[in-house]
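> I have a structure I would like to understand better, so I am pasting it below and will then ask my questions one at a time.
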Amino acid sequence: MDGERGRAGGRGAGGSGGGGAVSAATASAGIVELLPPDRVLTGEAASEWAGGRDVGTVLFPADTNEVQALVRLANETGTPLLPAGNGSWLGAGGWTRDGGAVVSTSRLDSVVHYEPADLTLTAGAGLGWRKLGAVVEPNGQWLPVDTPGVGAGTLGGVAACGVPGPLSGRYGAIRDNVLGLEVVTGDGRLLRIGGRVVKNVAGYDLVRLFTGSRGSLGVITRVSVRLFPRPGADVTVVFGGGVGEALEVARVVRVTSLPVAAAEMVVRGTGDETGRDAELAVRVLGGRAEVDDVRARLVAEVGTGPEGTMRGGEGEAFHRERTAWEGRSPIVVRMTALPDRLAATMGWAGGGAGRTRGEIAADVLGGVVRVKGLSVDDGIAGIAATLTRARSELEAMGGTLTLSRAPREVAEVAGWTGGGGGGGALARKLKSLFDPRSVLLSKCP
């Protein structure tokens with residue numbers, strides 16, 4: 001997602017723009033000249049904004065018209081562009097600047113329309129997640145998204161990446177809750193699709209297409225979303241033990257008829273079942289009496305006492321920290337399979353964690369397992385071989401393996417994404433319709 005760090009960078013562009021002289025030498029033919037110098041970063045200033053990555057040039061348009069002008073000129077000059085919010089996912093998916101520029105929507109952060117009675121909100125793509133919360137929480141509402149990195153993100157960044165989190169089983173993924181979008185396509189057209197009311201279905205398929213397209217088809221400049229009432233009670237029940245024990249508790253949680261909102265398991269190290277190295281956090285939302293009843297019945301079904309129970313702010317803080325779990329790890333791997341095959345997926349994840357001295361996090365209800373590798377000292381070839389075998393096995397049972405972040409040497413061998421199916425031809429067709437000159441370079445997995 002796109003971090004608040006970049007939000008400050010967007011507004012601080014004028015103060016730090018002196019970090020590199022603005023000139024057409026750092027981007028193709030005049031792109032930087034479309035914006036005033038205080039909304040362009042180059043050289044060291046651009047790298048600092050991007051967390052140390054060599055991005056060359058960062059552009060901060062102030063409105064949709066400027067975004068459209070940048071994209072149109074990029075088409076004329078052949079300048080590659082990378083859409084971003086506040087820059088925290090620039091290292092994902094193997095993107096390299098190749099002489100191009102980052103287009104940050106961080107200044108498009110105003111709330112355009114908010115109707116609490118209708119549970120809908122429309123805002124600029126650069127609206128920070130914390131600012132969104134400050135707007136809707138006084139009315140007892142929220143947008144329940146717990147995708148990785150969301151706490152430091154922007155509304156447009158979350159919509160563009162489209163990655164689900166553990167709460168999506170209860171509330172739907174972000175794709176299910178985006179009602180409408182304003183998008184500047186890769187060929188410079190301005191599209192307004194969908195609407196800002198729940199019953200509006202016009203353009204619904206295009207809304208779902210652009211949500212999760214990772215900026216590869218267009219730059220999202222405005223988003224309309226569905227909100228939800230904030231539950232009166234938020235309780236997280238934590239079970240501990242070895243991986244085998246945690247997987248058995250996870251099985252009970254997965255098949256229970258109780259209204260569990262989310263369940264996430266974390267395993268440190270290789271996941272050896274002999275130690276107490278696993279933690280399963282089960283989240284229950286609702287009215288206070290309902291939540292207490294569900295908690296008691298869940299513990300009875302599991303048959304063992306939890307290590308602890310977190311309520312209210314304590315639990316909310318815990319889950320905010322969980323969304324930041326990936327941090328700046330050099331390798332992040334995302335594996336998916338059917339939830340009832342979680343044990344097998346966890347086994348392959350354990351191999352990856354062992355190779356990278358990493359940790360594992362699993363969305364028990366969604367069947368999504370992530371590996372956060374902390375080291376590549378075990379050797380690029382060995383890591384790549386382990387991931388390649390894991391992908392082959394996962395695809396054989398209908399799953400996937402995607403590298404969210406990895407050293408280029410690993411990705412060149414293992415590949416950022418898998419191969420199978422006819423999705424490649426469809427993706428190329430869609431690209432030709434919305435970005436025929438391949439100006440937009442996003443490859444965020």
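The values are calculated or read from the model by the stated rules, or taken from the named source; none is laboratory data. Computed from a predicted structure; not experimentally measured. As a convention, Cβ positions derive from the backbone with ideal geometry for all residues, glycine included, and neighbour counts pool all protein chains shown.
> Please enumerate the residues belonging to the range 340-353 that are surrounded by fewer than 20 Cβ atoms within 10 Å (Cβ to Cβ) and either under 15 Å from Met265 (Cα atoms) or within 21 Å of the chain's Cα centre (by Cα) (or both).
Asp340, Arg341, Ala343, Ala344, Gly347
> From the list Leu132, Leu167, Leu108, Leu127, exactly one residue is surrounded by 17 or more Cβ atoms within 10 Å (Cβ to Cβ), farther than 30 Å from Gly232 by Cα, out of contact with any Phe, Trp or Tyr (no Cβ under 7 Å at 6 or more places or on another chain) and modelled with pLDDT of 95 or more. Which is it?
Answer to the check: Leu108.
> Give me a count of the residues in the range 178-229 that are under 22 Å from the mean Cα position of the chain (by Cα), modelled with pLDDT of 95 or more and surrounded by fewer than 20 Cβ atoms within 10 Å (Cβ to Cβ).
So the answer is 2.
> OK, next. With (1) closer than 21 Å to Gly327 by Cβ; (2) assigned by TED's automatic domain parsing to the domain that holds Val32; (3) polar (S, T, N, Q) as the list, and Thr147 as the residue in question, which single condition is left unmet?
The one condition Thr147 does not meet is (2).
> Quick check on my filter: what residues within the range 157-175 are in contact with a Lys or Arg (Cβ under 8 Å, 6 or more places away or on another chain) and either under 17 Å from Thr122 (Cα atoms) or aromatic (Phe, Trp, Tyr) (or both)?
Within the range 157-175, Ala160, Arg175 meet the criteria.
> Further, regarding this structure: Please give the helices (runs of 4 or more DSSP H) falling wholly within the range 355-444 in which 2 or more residues are assigned by TED's automatic domain parsing to the domain that holds Thr345.
Result: 380-396, 408-414.
> Taking the condition of being in a loop (DSSP other than H, G, I, E, B) and in contact (Cβ under 8 Å) with a residue 40 or more places away in the chain, how many residues in the range 215-258 meet it?
Count: 9.
> Within the set of pairs 6+ apart or on separate chains, which have a first residue in the range 140-169 that is without any contact (Cβ under 8 Å) to a residue 60 or more places away in the chain and over 22 Å from Leu217 (Cα atoms), a second that is crowded, with 24+ Cβ neighbours inside 10 Å and not aliphatic (A, V, I, L, M), and C-beta atoms under 7 Å apart?
Note: pairs meeting the criteria are Val145/Gly165.
> Determine whether the range 418-432 contains at least one residue that is surrounded by 20 or more Cβ atoms within 10 Å (Cβ to Cβ) and either out of contact with any strand residue (DSSP E or B) (no Cβ under 7 Å at 6 or more places or on another chain) or more than 30 Å from Thr79 (Cβ to Cβ) (or both).
Checked the range 418-432: no residue is surrounded by 20 or more Cβ atoms within 10 Å (Cβ to Cβ) and either out of contact with any strand residue (DSSP E or B) (no Cβ under 7 Å at 6 or more places or on another chain) or more than 30 Å from Thr79 (Cβ to Cβ) (or both).
> Now a separate question. Only one of these is surrounded by fewer than 16 Cβ atoms within 10 Å (Cβ to Cβ), in a loop (DSSP other than H, G, I, E, B) and touching a residue at least 12 places away in the same chain (Cβ under 8 Å): Arg328, Arg297. Name it.
Arg328
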